[in-house]
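This report concerns only the one structure given below.
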Amino acid sequence: MKISIADSREQFDDTAARRIVDQICHRPDSVIGLSTGRTTGNIHRRVCEIHSSLDFDVSRVTFFGLDEVTGVDREYAGACYKMLLTEIIEGLGVKMENFLMLPTRSDDFDAACRDFVSAIDNRGGIDLLILGLGENGHLGFNQPGSPFNGTACTSLMDSRLEERIRRETATPDDVPLGGVTLGIRDIMHARRIILVANGDNKSDIVREMLCGPVTTDVPASILQLHPDCEFILDSKAASRIDVKQLRNC
């Protein structure tokens with residue numbers, strides 16, 4: 001188990017960003033999965049800053065989003081497509097054909113999920129997947145109770161997130177909102193995974209993820225079993241774990 005602890009937010013963002021940059025420089029045709037949220041936005045922007053100074057080649061890299069909000073327009077600021085587009089895709093100058101996303105609207109989400117997974121597989125599968133950590137241990141929209149053998153699918157949305165999105169988009173209560181996400185089995189097929197988590201509010205779930213049993217009650221606990229997963233934490237998120245003991249596992 002590899003755990004990296006950052007002493008500051010700047011070091012945290014830079015450490016994670018340089019893992020992405022190193023992957024691109026090592027394999028210029030990499031397939032890289034990204035996650036959205038408060039933890040990853042600055043990481044994406046830091047990748048763009050490094051690219052501005054080093055000007056490494058991104059012309060053959062495929063980026064994709066782990067998940068997406070459903071029932072909203074793609075141009076909504078809270079849609080994963082829009083966030084990734086503005087945080088990293090445009091800044092790197094990535095060609096749109098190399099930016100894969102699940103849809104926000106579809107008449108057949110099951111087919112859309114199959115097509116999305118096939119598109120990733122056709123490009124060689126996932127070389128690097130960056131994951132955030134939900135406060136209840138969710139990965140993407142894989143909420144507690146999601147099966148470990150699950151593949152890409154639609155999912156329910158956290159009630160607090162749904163309330164915020166309805167307010168921001170003026171979506172009436174009778175219009176369904178939700179999420180669509182790669183499943184946990186898809187996640188575990190990634191050759192390399194980096195999970196990032198920071199802040200006091202993540203310390204409890206980080207402990208459960210790393211020190212507790214592998215259980216669907218904490219979806220992120222499955223990462224204990226991945227052969228190449230690094231956990232990049234700040235000191236606050238890591239405050240409730242014995243790092244030395246875990247590093248020796």
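Here are a few things to note about the model shown:
- In sequence order, calculated HN-Hα J values of segment 11-21 (Karplus, 6.51, -1.76, 1.60; Hz; x Gly/Pro): 5, 4, 4, 5, 4, 5, 4, 6, 5, 5, 4
- Extension gain, MET1 to ASP158, is 53.6 nm, computed as 0.36 nm per intervening residue step minus the present C-alpha separation.
- Surface composition of segment 62-143: carbon and sulfur make up 45 percent of the accessible area, probe 1.4 Å.
- Note on the chain: with a GNM built from Cα contacts shorter than 10 Å, the maximum mean-square fluctuation among SER118, SER35, SER146 falls on SER118.
- 3J(HN,Hα) along segment 63-69, derived from phi through the Karplus expression 6.51 cos²θ - 1.76 cosθ + 1.60 where θ = phi - 60°, amounts to 10, 9, x, 4, 8, 7, 7 Hz, with x in place of Gly and Pro.
- Only helices enter the 222 nm calculation for the chain: every DSSP H run of n ≥ 4 contributes -39,500 (n - 2.57), and dividing by all residues gives -9500 deg cm²/dmol, rounded to 500.
- Here the 3J(HN,Hα) profile of segment 96-107, calculated from phi with Karplus coefficients 6.51, -1.76 and 1.60 at θ = phi - 60°, is 4, 6, 9, 10, 9, 9, 5, x, 7, 9, 6, 7 Hz, Gly and Pro shown as x.
- The chain: most fluctuating residue of THR15, THR36, THR181 per GNM, C-alpha cutoff 10 Å: THR15
- Listed residues ARG185, ARG164, ARG123, most fluctuating in the chain (Gaussian network, C-alpha, under 10 Å): ARG164
- Surface composition of segment 151-249: carbon plus sulfur atoms hold 46% of the accessible area, using a 1.4 angstrom probe and ignoring ligands, DNA and RNA.
- Within-13-Å neighbourhood charge of SER30 [Cβ basis; K, R +1; D, E -1]: +2
- Partner aspartates and glutamates for LYS2 [C-alpha distance under 15 Å; skip if fewer than 8 residues away on the same chain]: ASP228, GLU230, ASP234, ASP242
- Database remark: amide H of LEU102 closer than 5 angstrom to the amide H of GLY65 (H placed geometrically; neighbours at sequence offset of 5 or more, or on other chains; Pro and chain starts carry no H).
- Across ASP174, ASP115, ASP234, the residue with the most accessible area heads the list, and the full order at a 1.4 Å probe is ASP174, ASP115, ASP234.
- Prolate/oblate/rounded label for the chain (Cα gyration tensor, a/c 1.5): rounded
- Segment 1-77 versus segment 184-202: alpha-carbon centroid distance in Å: 13
- Within the shell defined by Cβ-Cβ distances under 9 Å, the residues around ASP228 carry a net charge of +2, with Lys and Arg each +1 and Asp and Glu each -1.
- Neighbour cut-off at most 10 other Cβ (10 Å), DSSP loop, GluC sites (Glu not before Pro), segment 1-103: GLU75
- Reachable lysines, given that their alpha-carbon falls under 27 Å from the alpha-carbon of LYS95 and they are not under 8 places away in the same chain: LYS82
- Annotation: the antiparallel percentage among DSSP beta bridges lying fully within the chain is about 30.
- Probing with 1.4 Å while keeping every protein chain in the model, the per residue accessible area of the chain equals 46 Å².
- Positive contributions from Lys and Arg (+1) and negative ones from Asp and Glu (-1), summed over other residues with Cβ under 13 Å from the Cβ of GLY140, come out at -3.
- Averaging the sequence gap over all C-alpha pairs within less than 8 Å and six or more residues apart, then dividing by the number of residues, gives the chain a relative contact order of 25 percent.
The values are calculated or read from the model by the stated rules, or taken from the named source; none is laboratory data. Keep in mind it's a predicted model, so treat the numbers as computed, not measured. No Cβ is skipped: glycine too gets one built from the backbone with ideal geometry, and neighbour counts run over all protein chains shown. What goes into the accessible areas is simple: the full protein's heavy atoms, side chains included, and nothing from ligands, DNA or RNA. Shrake-Rupley method; radii C 1.70, N 1.55, O 1.52, S 1.80 Å.
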